[in-house]
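*Asks:* Attaching a single structure in structure tokens format; questions to follow.
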Amino acid sequence: MNLLKKADHLRARKGKAPVSALTAYDYATARLLDEAGVDLLLVGDSLGMVVLGYPDTTHVTLDHMIHHTSAVARGTQNALVLGDLPINSYPDPETALTNARKLVDAGAQAVKLEGGLRQAEKVRAIVEAGIPVVGHLGMLPQRVKEEGGYKKKGKTEDEIQAILDGAFALQDAGVFAIVLESVLPKASRLLTEKLDVPTIGIGCGNGHCDGEIAVITDVIGSYPWFVPPFATQRADVAGEITKAVKGYLNALNG
Ligand code: KIV
């Protein structure tokens, strides 16, 4: 399969039509989201929390990502399947490429990694091998321990400039889109205006990026124990599960 076709198509949407993206971690959810018409399904390392029960994404391994990427790929016909390279899987360009190929072998059609200037050479190595890459700037969940929590980014001129420098380095290295996480609206708008590739926002406010991405469990309300303040919950799947199981138990117990 030509990996570049879907990525090129999404890149060409810049300034024309918003890119829709959701996370997916399993076959059934991927199939539902794909059939609903979502453009991009991210097998995010957020699966560490919402699927595997870890406190953050720093516990996720490449084997976890391969396992879930292959399930999502089996459920997806049309959307682009984007696999997250987990923490410690891209320490240098050669290892980054080796591990990106493993995600592609599992069914990913592109890979995502976190960070700006430090990652440019790794992005270049993966892109030159024919694998499309998405960047990830702003709040970087794989660095949550160093950061001391989940913080908004783009508060000062220096912070905005650092994100811009990272974004241009990633764009020059060949990414076809950049996820912006928890970047304040003014900085998100500036990045969106200045970049040639689409920005895909999460926690950046509405309408400041070229597209939006959300964690599926936040959208459908299936992980009630933590919902980020910026999330819009559109269903109560956790409540429906509890109701159905209580009905099952009541029927059994009389
Ligand atoms: O892993 C993930 O779900 C992500 C999104 C927050 C963009 O990277």
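*Asks:* So, of the residues in segment 11-33 that are within 15 Å of the ligand (Cβ to nearest atom) and either in a helix (DSSP H, G or I) or of a type in the set (D, E, K, R) (or both), which turns out to be most open to solvent (accessible area, probe 1.4 Å)? Show your work before the answer.
*Replies:* Filtering segment 11-33 for residues within 15 Å of the ligand (Cβ to nearest atom) gives 19-26, 29-30, 33.
Among the residues that remain, those that are also either in a helix (DSSP H, G or I) or of a type in the set (D, E, K, R) (or both) are: 26, 29-30, 33.
Values: ASP26: 59, THR29: 34, ALA30: 0, LEU33: 21 Å².
In this case the residue turns out to be ASP26.
*Asks:* OK, next. Of (1) of a type outside the set (Val, Ile, Thr); (2) more than 12 Å from the ligand (Cβ to nearest atom); (3) touching a strand residue (DSSP E or B) at 6+ places or on another chain (Cβ under 7 Å); (4) outside any loop (DSSP other than H, G, I, E, B), HIS208 satisfies all except one. Which?
*Replies:* With (1) of a type outside the set (Val, Ile, Thr); (2) more than 12 Å from the ligand (Cβ to nearest atom); (3) touching a strand residue (DSSP E or B) at 6+ places or on another chain (Cβ under 7 Å); (4) outside any loop (DSSP other than H, G, I, E, B) applied to HIS208, the lone miss is (4).
*Asks:* Any residue at all in segment 15-22 that's of a type in the set (Lys, Arg) and over 25 Å from VAL227 (Cβ atoms)?
*Replies:* In the first step, residues of segment 15-22 are kept if they are of a type in the set (Lys, Arg); the result is 16.
Now narrow it down to the ones that are over 25 Å from VAL227 (Cβ atoms): 16.
Within segment 15-22, one or more residues are of a type in the set (Lys, Arg) and over 25 Å from VAL227 (Cβ atoms).
*Asks:* Can you tell me which of GLU193, GLU147 is without any contact (Cβ under 8 Å) to a residue 12 or more places away in the chain and open to solvent by 60 Å² or more (accessible area, probe 1.4 Å)? Show your work before the answer.
*Replies:* Details: GLU147 fails: open to solvent by 60 Å² or more (accessible area, probe 1.4 Å).
The unique qualifying residue is GLU193.
*Asks:* Scan segment 132-142 and give yes if some residue there is assigned to a loop (DSSP other than H, G, I, E, B), small (Gly, Ala, Ser) and under 20 Å from THR23 (Cβ atoms), otherwise no.
*Replies:* So far as segment 132-142 goes, no, none of its residues is assigned to a loop (DSSP other than H, G, I, E, B), small (Gly, Ala, Ser) and under 20 Å from THR23 (Cβ atoms).
*Asks:* Suppose we filter LYS102, LYS153 for residues that are within 16 Å of the ligand (Cβ to nearest atom), open to solvent by 20 Å² or more (accessible area, probe 1.4 Å) and without any contact (Cβ under 8 Å) to a residue 60 or more places away in the chain; which single one remains?
*Replies:* Working: LYS102 fails: within 16 Å of the ligand (Cβ to nearest atom).
From the options LYS102, LYS153, the qualifying one is LYS153.
*Asks:* Show the residue pairs that are 6+ apart or on different chains and have beta-carbon atoms under 8 Å apart, the first residue being within segment 5-28 and under 14 Å from VAL43 (Cβ atoms), the second being more than 16 Å from the ligand (Cβ to nearest atom) and open to solvent by 40 Å² or more (accessible area, probe 1.4 Å).
*Replies:* As it stands, the answer is TYR27/ARG74, since those pairs meet every condition given.
*Asks:* Further question: Between GLY75, GLY37, GLY116, GLY107, which is more than 13 Å from the ligand (Cβ to nearest atom), surrounded by fewer than 16 Cβ atoms within 10 Å (Cβ to Cβ) and not β-branched (Val, Ile, Thr)? Please lay out each step first, then the result.
*Replies:* Values: GLY75 fails: surrounded by fewer than 16 Cβ atoms within 10 Å (Cβ to Cβ); GLY116 fails: surrounded by fewer than 16 Cβ atoms within 10 Å (Cβ to Cβ); GLY107 fails: surrounded by fewer than 16 Cβ atoms within 10 Å (Cβ to Cβ).
Residue meeting the stated conditions: GLY37.
*Asks:* Pick out the one residue from GLN171, GLN142, GLN161 that is open to solvent by 20 Å² or more (accessible area, probe 1.4 Å), of a type in the set (S, T, N, Q) and farther than 24 Å from HIS9 by Cβ.
*Replies:* The conditions single out GLN161.
*Asks:* In segment 49-69, which residue that is among the polar types (S, T, N, Q) and touching a strand residue (DSSP E or B) at 6+ places or on another chain (Cβ under 9 Å) is farthest from the ligand (Cβ to nearest atom)?
*Replies:* Residues of segment 49-69 among the polar types (S, T, N, Q): 57-58, 61, 69.
Filter once more, so that each one left must be touching a strand residue (DSSP E or B) at 6+ places or on another chain (Cβ under 9 Å): 57, 69.
Working: THR57: 6, THR69: 12 Å.
Once the filter is applied, the top-ranked residue is THR69.
*Asks:* Here's a follow-up. Kindly evaluate ALA129 against the criterion of being open to solvent by 10 Å² or more (accessible area, probe 1.4 Å), among the small types (Gly, Ala, Ser) and without any contact (Cβ under 8 Å) to a residue 60 or more places away in the chain. Spell out the reasoning first.
*Replies:* On the way: open to solvent by 10 Å² or more (accessible area, probe 1.4 Å): yes; among the small types (Gly, Ala, Ser): yes; without any contact (Cβ under 8 Å) to a residue 60 or more places away in the chain: yes.
Spelling it out, ALA129 is indeed open to solvent by 10 Å² or more (accessible area, probe 1.4 Å), among the small types (Gly, Ala, Ser) and without any contact (Cβ under 8 Å) to a residue 60 or more places away in the chain.
*Asks:* Which members of segment 180-204 meet the condition of being away from the ligand (no atom under 15 Å from the Cβ) and either of a type outside the set (S, T, N, Q) or in a strand (DSSP E or B) (or both)? Let's see the steps before the verdict.
*Replies:* So the first thing to find is which residues in segment 180-204 are away from the ligand (no atom under 15 Å from the Cβ), and the list is 184-187, 189-197.
Across segment 180-204, the qualifying residues are LEU184, PRO185, LYS186, ALA187, ARG189, LEU190, LEU191, GLU193, LYS194, LEU195, ASP196, VAL197.
*Asks:* For LEU42, are the conditions met, namely being of a type in the set (A, V, I, L, M, F, W, C), crowded, with 24+ Cβ neighbours inside 10 Å, within 12 Å of the ligand (Cβ to nearest atom) and touching a residue at least 40 places away in the same chain (Cβ under 8 Å)?
*Replies:* Working: of a type in the set (A, V, I, L, M, F, W, C): yes; crowded, with 24+ Cβ neighbours inside 10 Å: yes; within 12 Å of the ligand (Cβ to nearest atom): yes; touching a residue at least 40 places away in the same chain (Cβ under 8 Å): yes.
Yes.
*Asks:* For segment 71-96, give me each residue that is part of a helix (DSSP H, G or I) and over 16 Å from the mean Cα position of the chain (by Cα).
*Replies:* Of segment 71-96, the ones part of a helix (DSSP H, G or I) are 71-74, 93-96.
Answer for segment 71-96, where residues must be part of a helix (DSSP H, G or I) and over 16 Å from the mean Cα position of the chain (by Cα): ALA71, ARG74, PRO93, GLU94, THR95, ALA96.
The values are calculated or read from the model by the stated rules, or taken from the named source; none is laboratory data. The structure presented is a predicted model; accordingly, all values stated were derived computationally and were not measured. Note: ideal-geometry Cβ built from the backbone for every residue, glycine included; neighbour counts use all protein chains shown. For the accessible areas, the whole protein counts, side chains as well, though only heavy atoms, and no ligand, DNA or RNA atoms are used. Shrake-Rupley method; radii C 1.70, N 1.55, O 1.52, S 1.80 Å.
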